[in-house]
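The values are calculated or read from the model by the stated rules, or taken from the named source; none is laboratory data. Small disclaimer: the values here were computed from a predicted structure and weren't measured. Cβ atoms come from the backbone with ideal geometry, glycine included; neighbour counts cover every protein chain shown. Keep in mind that these areas ignore ligands, DNA and RNA; they rest on the heavy atoms of the full protein, side chains included. Shrake-Rupley method; radii C 1.70, N 1.55, O 1.52, S 1.80 Å.
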Amino acid sequence: MEQANILAVGGGIGGLATAIALRQVGFDVHVVERYPDLHSSVFGVGIIQPANALRALDMIGCYQRCLEVGFQAKVWGSAYDIDGNFLADIPGGEIEGYPPMNGVTRPALHEILTTRALGLGVTIQYDSAFESLVQTDDGVDVTLSDGRTLHADVVVGADGVGSRVRKHVLAGDLKPLYTGQSAYRVNIPRDGIDRIMLQPGPKGMAGFVPIGKELAYFFYNALVERDQRPSDDQLAETLRGHLAPFGGRTAKVREEYLDNPDSIVLRPEETLIASAPWHQGRVVLIGDSVHAITPHLGQGAAQAIEDGIVLAECLAKHPDLEGAFAEYVERRFERCKLVVETSLNIGKWETGQLEGFDNVAATDHALRVLAEPL
Ligand SMILES: Cc1cc2nc3c(=O)[nH]c(=O)nc-3n(C[C@H](O)[C@H](O)[C@H](O)COP(=O)(O)OP(=O)(O)OC[C@H]3O[C@@H](n4cnc5c(N)ncnc54)[C@H](O)[C@@H]3O)c2cc1C
């Protein structure tokens, strides 16, 4: 496409990565983000970056910084029994030239993406919540929630799982499905955690992820009824209850690292895969807005970044929008669907709803497919 002015709605991982990729191929890109600044839009603790995420980050010039601030694992992961005894290594997809996994904190990743985007000339407008849009013959008129208006040639909806842009693209009122699992997360000292370490329990999965030279996070995927989320001041006690049957490293977390309730994050796990097409006229969707991925493979952010890279390639290559968007969805749909479904199945298996499921083989298969070129 000839020079175009592109508006990305959402300054999360997907929106920033897409803005960088689009700018790298010469488009003018503007991002609107509803939160007031870079830091207030970051939720959660850490991000697992599998090899395909690292390859994608390399394509947008953010790989080296992620390695510098994060922790590079030499192997993907290992499994332990409930008492903490080693069971087996878990293979990850290999991509030549990249480690199987790097872990970073979410604030660090946001900082890296934002710095790169601004350095390339992307403009980011905070405190600017998308409200609605109207497509006209010569572009898209966007209204923000405070009444301000913007005009763009193309709009990219990168506004996450609760997307407002989505309804302007997809028929019906597609909503994410809560899987019944919620993830507890808490930062802990790294203390020898050098890969993803999984410790399955009777009702949920405990695990560890290195996210810095001295930092790791602990997670526990628990079954939580949607309307029975513990209040913030009950988080530590409730998590201690979930962790009661565990020995090994998980017991240490239970005994030593849950004193500060403010440090515990609990997030619901939601799933969604929108049928193709993911575009309508001049508006296209990426990331969680069309494929919300539970964290079991650590792929949600990776897929959002890959979306942005492929979208930019397609827009640069095709003379017309329809051709560009059609190729984008063609290249992304099956890959994202595999990740959504495998992640969901791992969650069902963790909670005893999928007997006979081979978690290790499913993880290995998905990561091998994701190692294929974009
Ligand atoms: C518990 C948990 C753990 C996870 N762990 C991992 C992991 O280890 N590795 C991994 O790869 N993925 C992980 N994920 C998934 C990952 O966080 C998401 O897939 C990823 O953030 C999706 O990026 P996104 O840009 O599409 O959406 P988001 O990151 O949600 O970004 C959307 C952005 O849009 C903004 N926005 C929303 N509405 C508006 C509006 N109306 N106007 C303007 N801006 C708006 C939001 O404020 C936000 O900044 C995890 C998810 C969960 C729930």
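Key figures for this structure:
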quantity	calculated
Only one of 212, 180 that is closer than 19 Å to residue 265 by Cα, assigned to a loop (DSSP other than H, G, I, E, B) and in contact (Cβ under 8 Å) with a residue 60 or more places away in the chain	212
Subset of segment 289-307 (residues that are closer than 24 Å to residue 130 by Cβ, within 9 Å of the ligand (Cβ to nearest atom) and in a helix (DSSP H, G or I))	289, 300, 301, 303, 304, 305, 307
Scope segment 160-183; condition hydroxyl-bearing (Ser, Thr, Tyr) and within 9 Å of the ligand (Cβ to nearest atom); matching residues	163, 182
Qualifying residues in segment 145-159 (those that are touching a strand residue (DSSP E or B) at 6+ places or on another chain (Cβ under 8 Å) and open to solvent by 30 Å² or more (accessible area, probe 1.4 Å)) - the one farthest from the ligand (Cβ to nearest atom)	153
Residue in segment 314-324 that is crowded, with 24+ Cβ neighbours inside 10 Å and in contact with a helix residue (DSSP H, G or I) (Cβ under 7 Å, 6 or more places away or on another chain) present	yes
Filter pass, residue 142 being closer than 14 Å to residue 5 by Cβ and within 11 Å of the ligand (Cβ to nearest atom)	yes
Every residue from segment 327-370 that is crowded, with 17+ Cβ neighbours inside 10 Å, in contact (Cβ under 8 Å) with a residue 40 or more places away in the chain and of a type in the set (Gly, Ala, Ser)	343, 347, 366
Tally of residues being farther than 20 Å from residue 231 by Cα and free of Cβ contacts under 8 Å to residues at least 40 places away in the same chain across segment 245-265	3
Members of segment 132-144 found to be open to solvent by 70 Å² or more (accessible area, probe 1.4 Å) and at pLDDT 95 or above, listed by number	134
Candidate set: segment 259-288, residues that are closer than 14 Å to residue 159 by Cα and near the ligand (Cβ under 7 Å from one of its atoms); chosen: the one most open to solvent (accessible area, probe 1.4 Å)	288
Residue selected from segment 246-258 under the condition of a type outside the set (Phe, Trp, Tyr) and assigned to a loop (DSSP other than H, G, I, E, B), by the criterion least open to solvent (accessible area, probe 1.4 Å)	258
Checking residue 204 against (1) in contact (Cβ under 8 Å) with a residue 40 or more places away in the chain; (2) over 23 Å from residue 348 (Cα atoms); (3) not hydrophobic (A, V, I, L, M, F, W, C), the condition it does not meet	(2)
Residue match in segment 311-322 (condition: touching a residue at least 60 places away in the same chain (Cβ under 8 Å) and within 16 Å of the ligand (Cβ to nearest atom))	yes
Within segment 2-39, considering residues that are surrounded by fewer than 16 Cβ atoms within 10 Å (Cβ to Cβ) and modelled with pLDDT of 95 or more, the one farthest from the ligand (Cβ to nearest atom)	26
Count - residues of segment 264-300 that are within 13 Å of the chain's Cα centre (by Cα) and polar (S, T, N, Q)	4
Residue in segment 359-366 that is out of contact with any helix residue (DSSP H, G or I) (no Cβ under 7 Å at 6 or more places or on another chain), part of a helix (DSSP H, G or I) and modelled with pLDDT of 95 or more present	no
Which listed residue is outside any strand (DSSP E or B), open to solvent by 40 Å² or more (accessible area, probe 1.4 Å) and within 27 Å of residue 18 (Cα to Cα), from 162, 192	162
Any hit, segment 291-302, residues being out of contact with any strand residue (DSSP E or B) (no Cβ under 7 Å at 6 or more places or on another chain), open to solvent by less than 10 Å² (accessible area, probe 1.4 Å), at pLDDT below 95 and over 30 Å from residue 139 (Cβ atoms)	yes
The lone exception for residue 222 - which of (1) hydrophobic (A, V, I, L, M, F, W, C); (2) surrounded by fewer than 21 Cβ atoms within 10 Å (Cβ to Cβ); (3) under 30 Å from residue 275 (Cα atoms) it fails	(2)
